[in-house]
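The values are calculated or read from the model by the stated rules, or taken from the named source; none is laboratory data. Since the model is a prediction, treat every value here as computed from it, not as a measurement. All Cβ positions, even for glycine, are placed from backbone atoms using ideal geometry, and neighbour counts span all protein chains on display. Areas reflect the complete protein model, heavy atoms only, side chains present, ligands, DNA and RNA absent. Shrake-Rupley method; radii C 1.70, N 1.55, O 1.52, S 1.80 Å.
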Amino acid sequence: MKLIQLDIERLEPSTSHKSSYVLLLREIGGDRKLPIVIGPCNAGSIAIYLESDQNPERPLTHDIIKSVTNSFSITISRVVIHTLLEGVFHSSFFCFLDGDEEIEIDARTSEAIAIAIRMGCPIFTYNDILQEAGVVLTDNY
């Protein structure tokens, strides 16, 4: 199946899930958006990098992962949101160790995206997920 690249459009408090946030991903080259509900900890970790050009005073977990991957020559090539099961997105990130065979690592979608932001790698999903959970928003919402 063909992968569809996504970009982060915005992160905002959820109006329907108390103490949660909505991470809105947009289809590159298309009109669909993929809303993903995430918890406050990962929302905070993502927001730091979306809203600021400064690093936190002390490293967060995702920053430590970036340091480890850089220290051991691990390249994270992409994040893929591959499954939607009972309203929960499942994702993986893909990495290479010293350019060898690619390894797939299962991850929570919010964790994978927080890592992708730090590593500067692309985020993808499949058309069937966008068809099932994607929305077309108007009036900048």
Calculated from backbone phi, Karplus (6.51, -1.76, 1.60) coupling profile of region 22-31 in Hz, x at Gly/Pro:
10, 9, 9, 9, 10, 6, 6, x, x, 9
Given DSSP loops and a limit of at most 12 other Cβ atoms within 10 Å, what is the longest stretch of the chain that contains no such GluC sites (Glu not before Pro)?
1-56
For region 1-76, which chymotrypsin sites (Phe, Trp or Tyr not before Pro) pass both filters: DSSP loop (anything but H, G, I, E, B) and at most 14 other C-beta atoms within 10 Å?
Phe72
If each part is reduced to its alpha-carbon centroid, region 8-52 and region 78-117 end up apart, in Å, by 17
Quote the relative contact order of region 65-129 in percent (integer), defining contacts as alpha-carbon pairs under 8 Å separated by 6+ residues.
35
Any residue on another chain or 5+ positions along whose placed amide H is under 5 Å from the amide H of Arg32 is listed here as Glu27
Ignoring ligands, DNA and RNA, what percent of the 1.4 Å accessible area of the chain is carbon and sulfur?
50
Below 8 Å, C-alpha to C-alpha, sequence gap of six or more: please give me the relative contact order for the chain in percent.
26
Straight-line reach check, Lys66, cutoff 29 Å on alpha carbons, 8 or more apart in-chain or any other chain, hits among lysines -> Lys2, Lys33
Given H placed 1.01 Å from N in the peptide plane, which residues other than close sequence neighbours of Arg78 have an amide H under 5 Å from its amide H?
Phe94
